[in-house]
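These notes concern the structure reproduced below.
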Amino acid sequence: MVGYIESAGPGTDLGEFRVGDLVLVSNAWGCGSCRFCRVGMEDHCQSWTMPGFHVWGGYGELVRVLLGPWSGRPGG
Ligand SMILES: [Zn+2]
């Protein structure tokens with residue numbers, strides 16, 4: 001999914017990103033805490049989340065997503 005960061009939750013660390021940035025977000029993300037996620041293998045996570053299946057997806061006007069190491073800038 002590609003979209004602009006509309007807002008961030010209180011205390012959220014956006015890292016290199018800022019509100020208003022165009023970002024590319026993976027179509028699935030891990031829990032962030034299991035042994036697979038901790039070593040960057042989110043695709044093996046047993047508690048992964050897929051927008052459009054587990055939560056509202058990319059066709060929504062606004063989508064709540066997690067930014068992580070798998071997020072980036074389109075074309076960058
Ligand atoms: Zn996980």
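The values are calculated or read from the model by the stated rules, or taken from the named source; none is laboratory data. The structure displayed is predicted, hence computed values, not measured ones. Backbone-built Cβ (ideal geometry, glycine too); neighbour counts: all protein chains shown.
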What number of residues within region 4-17 satisfy the criterion of being among the charged types (D, E, K, R) and modelled with pLDDT of 90 or more? 1
State whether the residues of region 45-53 include one that is in contact (Cβ under 8 Å) with a residue 60 or more places away in the chain and touching a Phe, Trp or Tyr at 6+ places or on another chain (Cβ under 9 Å). no
Top-ranked residue in region 26-36 [being closer than 23 Å to Pro74 by Cα and within 10 Å of the ligand (Cβ to nearest atom); ranked as nearest to the chain's Cα centre (by Cα)]: Trp29
Taking interchain pairs and intrachain pairs at least six residues apart, which have beta carbon atoms under 6 angstrom, with the first residue in region 18-41 and within 18 Å of Gly60 (Cβ to Cβ) and modelled with pLDDT under 85 and the second among the small types (Gly, Ala, Ser) and assigned to a loop (DSSP other than H, G, I, E, B)? Val25/Ser71
Can you tell me how many residues in region 1-17 are farther than 23 Å from Glu61 by Cα and either touching a residue at least 24 places away in the same chain (Cβ under 8 Å) or surrounded by 11 or more Cβ atoms within 10 Å (Cβ to Cβ) (or both)? 1
Within region 60-67, is even one residue within 16 Å of the ligand (Cβ to nearest atom) and over 20 Å from Gly9 (Cβ atoms)? no
Of (1) within 13 Å of the ligand (Cβ to nearest atom); (2) part of a loop (DSSP other than H, G, I, E, B), Asp43 satisfies every one except (2)
Just give me the residues in region 32-43 being over 19 Å from Gly15 (Cβ atoms), surrounded by 13 or more Cβ atoms within 10 Å (Cβ to Cβ) and of a type outside the set (Phe, Trp, Tyr), in sequence order. Cys34, Asp43
